[in-house]
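This report concerns only the one structure given below.
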């Protein structure tokens, strides 16, 4: 079975976020059920909210056996390498950034396909990319990255806006624009972690 570029992008994002969720479960010493549950929630949470908002039901994961298989495979891979748990935080950040980038673009494409205004499409990209991680953090009792000073949603907005603008105002191929936009999101996110870039904190 051949995949289109968009399908491959979404599948890659699903796998990356599932790894992220499974890794977080290992860091919290969850059991096998908890690991699988967190892998699924992290991978499909943002897309589920997106589909419900635009009325696309049944939501994507319910009819996508390949994505469900990717989540299970990701969870198994994470479980098999549980002995490396001490170094998994670094990988959690990397896979989380990759999932954020890929899901942002797929969320925007879903909005465009639904004929929604461009700002709404960018917002759907942020929801798709960020809300799976938000649910993961809430379930594990961590302070949600989305609501802290870390550069997270900003990376999604920047890369998503670049994608929309480049698609509309340049003749560049769609696949190239999407790849560059994903790279921008991942790059901003990882650089912000490396150099401790932060948004201003609101004070009373």
Within the group 179, 156, 192, which residue is in a helix (DSSP H, G or I) and touching a strand residue (DSSP E or B) at 6+ places or on another chain (Cβ under 9 Å)? 192
Would you check which residues across segment 88-135 are assigned to a loop (DSSP other than H, G, I, E, B) and free of Cβ contacts under 8 Å to residues at least 40 places away in the same chain and list them? 115, 117
I'm checking my understanding of the structure. Among residues of segment 127-173 that are farther than 18 Å from residue 184 by Cα and buried (at least 23 other Cβ atoms within 10 Å of the Cβ), which one is modelled with the lowest pLDDT? 133
Residues located in segment 16-59, provided they are part of a helix (DSSP H, G or I), touching a helix residue (DSSP H, G or I) at 6+ places or on another chain (Cβ under 7 Å) and free of Cβ contacts under 8 Å to residues at least 12 places away in the same chain: 34
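Can you tell me which of 100, 124 is buried (at least 21 other Cβ atoms within 10 Å of the Cβ), modelled with pLDDT of 95 or more and on the phi < 0 side of the Ramachandran plot?
Values: 100 fails: modelled with pLDDT of 95 or more.
From the options 100, 124, the qualifying one is 124.
The values are calculated or read from the model by the stated rules, or taken from the named source; none is laboratory data. From a predicted model like this one, the values you see are computed outputs, not experimental measurements. Every residue, glycine as well, gets a Cβ built from its backbone with ideal geometry; the counts of neighbours run over all protein chains shown.
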